[in-house]
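What follows is one structure encoded as structure tokens, with my remarks underneath.
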Amino acid sequence: MSVTVPDPYGRAVQDARAGHGDPLARSIPTHVTLLPPTEVPAEALPKIEEHLAAVAAAHRPFPMVLRGSGTFRPVSPVVFVRVEEGERECRLLEADVRSGPLARELAFPYHPHVTVAHGLADEVLDQAHEQARSFHAAFPVPGFSLSRFDADEVWRPWRVYPFA
């Protein structure tokens, strides 16, 4: 589950990722993760979709501002754009999504962000961090998406859950 970063901002982040040589740049739409990739059996989908519809109905649209850069290094080789406004809403939404049929433990504490570079050489991550410092985007968040990983190894939004 994720909040989609709309174009032109989403495209700008994908272009930056591609420019840094990130092999995942074009296979992952620009987003703020709400629930990391989670494999579920097909028979669980109706219950999960019901859960997600209820979560969306309990939340309202909110503004999001992305500004500046951050990193998870040395714990994880990730450079990201910071969620400056909308972080609280993302945290509440993540907690609600990651409950019921989607309850699971996370490898790391939840931290809303937009990935700019992942798993690249330190000097490339340094460059990505520096370049992302000037990034700024502001947009409304009307809902979230459930994505699926297709046979071509590209993540695509599958269902959209608009807020009430």
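The values are calculated or read from the model by the stated rules, or taken from the named source; none is laboratory data. Owing to the predicted nature of the structure, the values given are computational and were not obtained by experimental measurement. Ideal geometry is used to build each Cβ from the backbone, glycine not excepted, and the neighbour counts take in all protein chains shown.
Residue-wise test of (1) in a loop (DSSP other than H, G, I, E, B); (2) out of contact with any Pro (no Cβ under 9 Å at 6 or more places or on another chain).
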{"residue": "Asp15", "(1), (2)": "no, yes"}
{"residue": "Asp22", "(1), (2)": "yes, yes"}
{"residue": "Pro29", "(1), (2)": "yes, no"}
{"residue": "Thr38", "(1), (2)": "yes, yes"}
{"residue": "Glu43", "(1), (2)": "no, yes"}
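From the list Arg104, Arg159, Arg91, which one is touching an Asp or Glu at 6+ places or on another chain (Cβ under 8 Å) and at pLDDT 90 or above?
Testing whether each residue is touching an Asp or Glu at 6+ places or on another chain (Cβ under 8 Å) and at pLDDT 90 or above leaves just Arg159.
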Practice task
Looking only at region 107-124, decide whether some residue is among the hydrophobic types (A, V, I, L, M, F, W, C), closer than 20 Å to Gly21 by Cβ and exposed (fewer than 13 other Cβ atoms within 10 Å of the Cβ).
Solution key: yes
Handout entry: Which numbered condition Val55 misses (of (1) in a helix (DSSP H, G or I); (2) surrounded by 19 or more Cβ atoms within 10 Å (Cβ to Cβ); (3) under 16 Å from the mean Cα position of the chain (by Cα); (4) not small (Gly, Ala, Ser))
Key = (3)
Completion exercise
Only unsatisfied item for Pro101, checking (1) farther than 27 Å from Ala25 by Cβ; (2) touching a Ser or Thr at 6+ places or on another chain (Cβ under 7 Å), is (2)
Exercise for the section: State whether the residues of region 112-130 include one that is farther than 20 Å from Thr30 by Cα, in contact (Cβ under 8 Å) with a residue 40 or more places away in the chain and of a type in the set (A, V, I, L, M, F, W, C). Expected result: no
